Structure formats: structure tokens, C-alpha cells
1. Provide a single number: the residues in the stretch 139-180 that are in contact with a strand residue (DSSP E or B) (Cβ under 8 Å, 6 or more places away or on another chain), open to solvent by 80 Å² or more (accessible area, probe 1.4 Å) and under 19 Å from Ala345 (Cα atoms).
2. Within the stretch 188-201, how many residues turn out to be part of a loop (DSSP other than H, G, I, E, B) and in contact with a Leu (Cβ under 8 Å, 6 or more places away or on another chain)?
3. Return yes or no: is Phe260 more than 26 Å from His332 (Cα to Cα), open to solvent by less than 50 Å² (accessible area, probe 1.4 Å) and of a type in the set (Phe, Trp, Tyr)?
4. Can you give me the ranges of the strands (runs of 3 or more DSSP E) entirely in the stretch 262-328 with at least 1 residues that are closer than 24 Å to Asp229 by Cβ, hydrophobic (A, V, I, L, M, F, W, C) and at pLDDT below 95?
5. Restricting the search to the stretch 495-520, which residues are under 13 Å from Phe480 (Cα atoms) and touching a Leu at 6+ places or on another chain (Cβ under 8 Å)?
6. What is the number of the single condition among (1) assigned to a strand (DSSP E or B); (2) within 22 Å of Phe370 (Cα to Cα); (3) out of contact with any Ser or Thr (no Cβ under 6 Å at 6 or more places or on another chain); (4) open to solvent by less than 50 Å² (accessible area, probe 1.4 Å) that Lys333 does not meet?
7. Quick check on the stretch 568-588. Is at least one of its residues modelled with pLDDT under 95, part of a helix (DSSP H, G or I) and on the phi > 0 side of the Ramachandran plot?
8. From the residues in the stretch 646-698 that are in a strand (DSSP E or B) and β-branched (Val, Ile, Thr), which one is farthest from Pro224 (Cα to Cα)?
Amino acid sequence: MRQVVVAAGTPGYMSPEQARGEEVGPRSDIWAFGCVLFELLAGKRVFQGETSAETIAAVLEQEPDWRALPAKTPSKIRELLRRCLQKDPSRRLNSIADARKTLEESLGGWNRWRVAAIASAAAVLAVIAGGAAVWLRNPVRPSDPSQWVQLTKFPDSVTQPALSADGKMVAFIRGDSNFFGLGQIYVKILPDGEPVQLTHDNLQKMSPVFSADGTHIAYTTVDPDFRWDTWTVPVLGGEPRTMLKNASGLIWTGPRQIMFSEIRMGVHMAVVRSDENRIGQRDVYVPPAEPDLAHRSYLSPDGKWVLLVEMDIDHFWEPCRLVPADGSSAGHKVGPPAGGCTFGAWSPDGRWMYFTSNAVGANHVWRQRFPDGQPEQITAGPTEEAGIAMAADGRSLVTSVSFQNASLWVHDHSGERQISVEGNAASSRFTPDGKKLLYRVVREPPSEFDYYRDPGEVMMADVQSGRSEPLAPGFQVLNFDISSDGKQIVMEAADAGKPRIWLAPLDRSSAPRQIPNVEGVEPKFGPGGEIFFRHVEGGSAAGGSLGFIYRMHSDGSGLRKALDQPVLDCGDLLTVSPDGRWIYAWTPIGGNGPAAGQVLSLTGAPPVVIGGTTGLRWVAGGVLIATQLDVRSFFVPLPPHQMLPAVPAGGFRSDEEIARLPGARRVDRQYVVFGPSSDVYAFYRDTAHSNLYRIPLP
């Protein structure tokens, strides 16, 4: 019997058969893929009317405007688009794998620097098209914001809600981080009780949850040595206490039964179950790649399945994962396949899995029918949502609703002024003369780990006038650095889905060029124009094992390993000392201990531990020491030829220790980047504002 469906979805990406309400299948995915690829190339949608009805009419009746494609579009890609956008499904391309092959074959012949970003995005679509195109054609059921009920009215930000079993109380963190960050635990009686602060400390926190009996709130703390522990505090107020060491994201799965994450080595984090006293501990899920982390877990109502939130080697949020609760297999990924999943939940009847995901460029709430339905977007619009606390009746959920933006500012002798105007700014760098400031424009505001994992176009701003223009229009970059002579920029950008290193002149006299036969991430210039970067041996830099720092000349010659010690994610923090003898990276102490920021010697001297959540950068006249993952910074002057301040054994454990260093000056700004002197620096101003809302569910 033929299946007939309602014509619902995003009109600009609907296939003709979908627009007519007919049966849809893999050939509709091919059509949606063609629409996305055309848009990436032409800079506009292939079919777009003033209204949804006009757009659908264009899909059914009009042909694509092939003249909109760039003049130098390779003939193979033009033919690929024609085969994807055939109105008769039987005449379309056979499979998305054929599209991927055509794209990869076409990379070498047409403005390779420009194609790289397009091919990267298209390759991702090729991998996920079986899911991505499905959510383009599936009905999106956004909840009506006019029906949302505001539960808190703080002037700043509150995050990570948790509901008591009876739904009468909500716990949350007053702070702006949706991962771990500074903030205090609060509790509020619903609907109109006064919020009560339960903690008063400087610990970073994450994931509050009510105990099984409802008398306590458990939460994760992260201390300066990057140790993840579970604390509890009485709901009625009292002294917080440590419940379990090396335990994070803890939840109760029954009376005196718990599930939590624990670090095995470095930052490798697994999910386990046990009694409250840790007796009977057994693995639920151990990420197969050693540096990967499973941060949060949610048990299904029948106790048979676990929904997991995890990060990959580069501390980039992965889609959520569904695994059996008995630990018998690694399960499979669920939810929107193209987005990072940060929170999860179950409906009370276990029929739906819920996620917060950035699959559409901003964090929203999604759901998916258990076990293998298609993802459906629940919230949409200009706000972002994070955290999910499901009501006991399953008719609503509580989440943190926020407006976010990160703008780039400059501080100098004349005061402070804004540089970036639109979009979110990330990864800023001054040219050596301080006249130009380069930064990336990205989709999401900078946050703890992932602000440099969001690709964006590099902008070059004149510091005095504030005027900005793109360095290489359309070229999407993940990381970059500027040479000491101010003539070149080195960049990390994807090519056919692989991380590659590119060079471009800052005067834009020529297009970016790729350094051949080199795969790596997080490139930085060292003394003499050498380039340092991180590479995972035997695979992609995001392939699932510890990476190593390599060095080479700008033409790719002289490639060699800079350090024998493996390192974890470095991102914007990787930096080389001016004398070329030291490099800062984040790596397990002793090779297999807890992860910490360390200064590693390039000449064989012993490493110097800086701290678990403390970073160090060499700047003009000294070093910049950033604490709490770049929330606060200290400039510490150093005499000429001295590369390090007096670092205590084991690293800095508090801001006070850094502040006592000779000449140390505190800079209360986020993600600070210094210019040619310590009086000139760039920083980010986050305008995030969030409160808790109750959202009815369809």
C-alpha cells in the first residue's frame, strides 16, 4: 500500500514529491543535499519565494537559476547539481556516496582555497544526509513562545535546571555556563517561591540534581587541579559536603543507587553505576578513544537504557549516544546528527528522548521517538535553550532560555571600544604593530572549550577606525595565528573533511594556499617563522587518540615531532615561548596522570605544571596567566630573557597565588589577548542573559 504523507517541512528544501504530499525516500534526501550545496556555492537558496506557498510553487514549476553559480564552478559540480535537482526522482543521482565522490574528485581544479569550506560542509552532509535531509523534510513542531511560562526573573543568568520528583521545587545554578563554571546553587519552590541560595564558594559547578529522597541536591565541582567531584547540600540549607571523589554528572537510579562519570586517565571519562558507597561499581559506557569524555547520563524510565552526553578528543560536543544500561554494547548515536548535544532527558513513559543540540546553528530543544525515530525540533527562534528538566506528567519541560552574543572590544590608553558589530567574535589576534586586529565571526558565542571549534570567517579590523573586512571571503577557519613579522597568517581549515594547514599573506596579495601533505590542527607560529601544530598519528586530529606537537617550516619542509610527550586539546592556548625553548599545552601529568596545563620544554628540561584550569601565554613584556578557563587573567611582567615566573610546585591553586607574583596585574575580562604592550588588549564582552521557563510539549 502506498504511503501518503502531509507536505510538511522547510519549503526551500522540499523535493517536488514531498511538496505534493507524496511518498518520500532516499531520492528526496538527494534533492535536499543538492539544495544545500547550491546555496553554499551561489550564496542564495535555489528556490525562494516571498511566502511558503510561492516557494513551494517554485519547487514544483521553476528550474534553478544556473547563472547564480560562480563562473568558475567546475563542470563536474554543475553536472552533480543538475542530477541532484531533477524534479523526477527516478532521474536523480543514485546515492549520496556518488555525490561525495564527485566533490572529492573536483577539489583539485577550482580555487582550492574557496572550495575547501564548501567541500567540507558538503562532505559532512554526505555522511549525515540519511538523517540531515530527513529533518529537513520532517515536520518541525516548534513550541509557541507565547505559551512559555517564566519561572525565574534574575537580572543575569541561571542555567541547568533540575526538578524535584514531585515537581514542586526547581534547583539551578546562578551562572552563565552550560558546562561547568563559576556559580552558586539555588532552589526555588514553584511557582512563586523566593529563590534561596544554598552555596557560597568559588568552586566551578555543573549538573545539579535532587537526591532520591528529595532532601539534598547533588552537584559536580571542578577544582583548580581539574578534579571532578560530587558534592551535596541540604535542600533546606546547611553546609555542603563532599559525597564522592572523581565523580561527576551524578544521578540517582534508585534508592541508594547512582550513576556517574569518572576519569580513568588524563581526561578519559567513563560512565559507571554503583551503590552510593561505590560498592558494586560496573561500567555502563567507556568511550573507545582514550581522551574522549562521557560527561552526563540519563537512565530511561524502565531502567534498560542510558542516554549519554559526550565530547570527542578535541572537547567538541558529539551527538548524544544511546547505550544499554547493562554495558553490553557501545550503542549508537541519536538525535540531530549534525549537532553537538549538551543535555538529555526522557519522557516519563520512555517513548521519547529529548536533547538540547546546536544542529541548526543555535542550541534548541529536540526530541526523537525511542528507539529509532527521526529527530524533531521542539523550540526555535532567536533565543537559545539549554538544559532539560522533564515534568512528571510529561506535558512540559523546564529549560534555561537565553539571548546570547559575544562582541569583541579593545582596551587602550583612550578607553574601551567595540570592534565587532555583527555576529559572535572569537579567536582574536593583534598584528605585531598593534594597528590591526584579526578575529573570526562564528555562529555561537565563545564558551569554555568549544569556541575555537566553530568554523568562521576571519575578519581584519583597523583598531583606530574600527572598520572590518574579511581576509578571505567565504573561507571558513577554525584556528589561526599571525607571524612575528606581521606578514602572514597560518590557519586551520577543513579540506575534504580533513584538518589542513593553510598560509595567506595579510596584505591579501594572493589567495590562501595549503601546505601540502600535512594534516593537523591548532597551528601557531614559533620563532623564525616555524609552524607548530597538533597531529594525531595514524588518523585525523579528531580521530580518537592523543595527539603530538609537530613543527615545520612554512613550506612544509623540516617536518618533525617537537615533543615526545602526547598532548590533549590545546586550541587557542597552544603557544610557543619567544626564545623557542618552551611550549604551553594541556596534557596528562607524567603522561598518565590528571590533565593539566603544562609548559613543556623543547630542549629536554622537566615540564612545569601551571594548573588544571590555568593557561599561560607569552605576551609582550611577560606572560598572561588565565584562570578558570579564560574567565579571569593576570599579566605578570618578566625581565628580558626570562620565560617563566616563579610557579609553585604542582601549579597555581588560586588566583591569590598568581596575584602575589611581583608586578602581577589582574585583568577582569574574558578571553583576553594582549597587543604590542600590556596596556593594549582585546577581550570579549558576553551579553548572555538567561532565565528558566516552563515549555509545554506537543
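1. The number of residues fulfilling the criteria is 3.
2. So the answer is 2.
3. So Phe260 fails the test.
4. Because the criterion is at least 1 residues that are closer than 24 Å to Asp229 by Cβ, hydrophobic (A, V, I, L, M, F, W, C) and at pLDDT below 95, the strands (runs of 3 or more DSSP E) in the stretch 262-328 that meet it are 268-275, 293-299, 305-311.
5. Result: Pro499, Ala504, Leu506, Pro512.
6. (4)
7. yes
8. The qualifying residue farthest from Pro224 (Cα to Cα) is Ile695.
The values are calculated or read from the model by the stated rules, or taken from the named source; none is laboratory data. What you are looking at is a predicted structure, and each value in this text was computed from that prediction instead of being measured. Ideal geometry is used to build each Cβ from the backbone, glycine not excepted, and the neighbour counts take in all protein chains shown. Surface accessibility is based on the protein's heavy atoms, side chains included, excluding ligands, DNA and RNA. Shrake-Rupley method; radii C 1.70, N 1.55, O 1.52, S 1.80 Å.
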